[in-house]
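Notes follow once the structure below has been shown.
The values are calculated or read from the model by the stated rules, or taken from the named source; none is laboratory data. Every value quoted in this text rests on a predicted model; they were computed, and no experiment measured them. We place every Cβ from the backbone using ideal geometry, glycine too, and count neighbours over all the protein chains shown.
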Amino acid sequence: MNDQTVIAVASILGAALVMGFGAFGAALGESRLGSAAMDAIARQPDESANLARNMLVALAMIESTAIFALVIALVLLFANPFVG
Amino acid sequence: MSEDLFGSPVLAQVVGVPVTAGMVGSAVVTVAVLALAGWLGRAAVHRPTSAPAAAARLLVGFLQGVARDGAGRDVPALTVFGGTLFVFVAGSALYGQLPGVRAPTADLAVASALALVVFVAVPVAGVWVRGPIGYLRHYLEGGVLLAPIEVISELSRTLALALRLFGNMMSGHLVVGLLVSLVGLLVPVPLMALDLAIGLIQAYIFTILACVYVGAAIQVEETA
C-alpha cells in the first residue's frame, strides 16, 4: 500500500465514523428534545403552537451538529485536501 | 459524483470575474423577491381589501413576530433586516425546487456571505444603539478573562450559521439527487417535500438566530 491508498482508506473510514457518531449524538439529543416537547404539550395543550415552534428551533440547532458531521464526511469523501 | 458539492459551477467569465451558478441563482431569487414585494406592496396600498394585500399583511405580521421573538421587543429596523434574510433564504429554498438548478444557499459562498452579513450587522447595530463605548463594554460584562471567549463565540457562531444553512440545503439536494439516480420515478417525491420543508424551517431558524444575535447586541440595560 502506498501513501495515497492509506490516505484514501483512512478517509473513508473517517467519514463512516464521523457520520455514525455524529448521527448518534444528534439522534439521542433529538429524541430527548422530542420526548420533553411531547411531555410539555401533553401538560399544556393550549400552548402547543408555541411549544412546537420552539421545538422546531431547538431541533434545527441539534440537527446542525449532525449537519457539521455530514459536511466533514463529505469533505473527506469528495473534497479531501490530502488526496493528490 | 461528478457534481462539485461545495462550490458551484462557473457558467461564464465576465471581464475576468467568474460567474457561478450560485451568483446567477441569488440574482434570480433577488429579482423574483423584489418583483413579488413590489406587486404585494402596490396591492396593499391601492387595493387594501384584495387577496394579495391580505397575503402581504400576513407575511409582514409573521416577519414582525419572528423579529419580536428573536429580539424580545419590537424593533422596526430589525424586522426589515430579518425579513430580508427570511424572504431571501426561503426564496432560495423554493428556487432550489425547480428542476435543474440548486438552491443558491446550497453554495458555500452564498451561505457564508449571508452569515457574514449577520456577523457585520451585530457590531453595527450595537454601536448604532448603544454607542461605541457601550457596545464594547458588553464584552467585559462577564469579566476580562471571558472577553476573548466572547470574541471566539462570535466567530464560531458565524461559522455555525453558514455551515448550518449550507449543510441543510446541500444535503437535501444531495439526497434527492442520489435517489433520482437510483429510482427516478415518484420515490424521491416525499424527500423533495422534506427538502422543501427543511429549507423553509432553515429560513426561519436563520432569521430568528440573526434576530437573537442582533437583539442581544442592541439590548439596553433595563436595570436603572
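Just to be sure before I move on: is A:Arg53 within 11 Å of chain B (Cβ to nearest Cβ), more than 19 Å from the chain's Cα centre (by Cα) and surrounded by fewer than 17 Cβ atoms within 10 Å (Cβ to Cβ) in the structure I sent?
yes
Give the number of residues within the stretch B:34-46 that are over 23 Å from B:Val89 (Cα atoms) and in contact with a helix residue (DSSP H, G or I) (Cβ under 6 Å, 6 or more places away or on another chain).
Matching residues across the stretch B:34-46 total 2.
Let's see how each residue does on (1) among the polar types (S, T, N, Q); (2) in contact (Cβ under 8 Å) with a residue 24 or more places away in the chain; (3) touching a His at 6+ places or on another chain (Cβ under 6 Å); (4) not in a loop (DSSP other than H, G, I, E, B):
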residue	(1), (2), (3), (4)
B:Val19	no, no, no, yes
B:Gly25	no, yes, no, yes
B:Val29	no, yes, no, yes
B:Leu34	no, no, no, yes
B:Gly38	no, no, no, yes
B:Ala56	no, no, no, yes
B:Gln64	yes, no, no, yes
B:Asp69	no, yes, no, yes
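Among the residues that make up the stretch B:204-214, is at least one of them modelled with pLDDT under 85 and of a type in the set (Val, Ile, Thr)?
Looking for residues that are modelled with pLDDT under 85 and of a type in the set (Val, Ile, Thr), one finds none in the stretch B:204-214, hence no.
Scan the stretch A:1-14 for residues that are assigned to a helix (DSSP H, G or I) and free of Cβ contacts under 8 Å to residues at least 40 places away in the same chain and report the count.
6
Looking at the stretch B:87-110 only, could you name the residues that are surrounded by 20 or more Cβ atoms within 10 Å (Cβ to Cβ) and on the phi > 0 side of the Ramachandran plot?
Across the stretch B:87-110, there are no qualifying residues.
Report, by residue number, each residue of the stretch B:59-98 that is touching a helix residue (DSSP H, G or I) at 6+ places or on another chain (Cβ under 7 Å), β-branched (Val, Ile, Thr) and closer than 21 Å to B:Gln219 by Cα.
B:Val66, B:Val75, B:Thr79
Tell me the residue from B:Val124, B:Val110 that is touching a Gly at 6+ places or on another chain (Cβ under 9 Å) and either within 27 Å of A:Leu70 (Cβ to Cβ) or at pLDDT 90 or above (or both), please.
After applying the criteria, what remains is B:Val110.
Sort through A:Leu76, A:Leu17 and tell me the only one that's hydrophobic (A, V, I, L, M, F, W, C), touching a residue at least 60 places away in the same chain (Cβ under 8 Å) and surrounded by 13 or more Cβ atoms within 10 Å (Cβ to Cβ).
Going through A:Leu76, A:Leu17 in turn, the sole match is A:Leu76.
Looking at A:Phe21, A:Phe68, A:Phe82 in this structure, which one is over 10 Å from the mean Cα position of the chain (by Cα), aromatic (Phe, Trp, Tyr) and at pLDDT below 95?
Exactly one residue qualifies, and that residue is A:Phe82.
Residues of the stretch B:173-222 being of a type in the set (Gly, Ala, Ser) and either more than 13 Å from chain A (Cβ to nearest Cβ) or in contact (Cβ under 8 Å) with a residue 60 or more places away in the chain (or both), which ones?
B:Gly177, B:Ser181, B:Gly184, B:Ala193, B:Gly199, B:Ala203, B:Ala210, B:Gly215, B:Ala216, B:Ala217, listed by residue number.
Each row is one residue, and each column tells you yes or no for (1) away from every other protein chain (no Cβ under 14 Å); (2) touching a helix residue (DSSP H, G or I) at 6+ places or on another chain (Cβ under 6 Å); (3) surrounded by 12 or more Cβ atoms within 10 Å (Cβ to Cβ).
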position	(1), (2), (3)
A:Ser31	yes, no, no
A:Ser35	yes, no, no
A:Ala40	yes, yes, yes
A:Ala69	no, yes, yes
A:Ile72	no, yes, yes
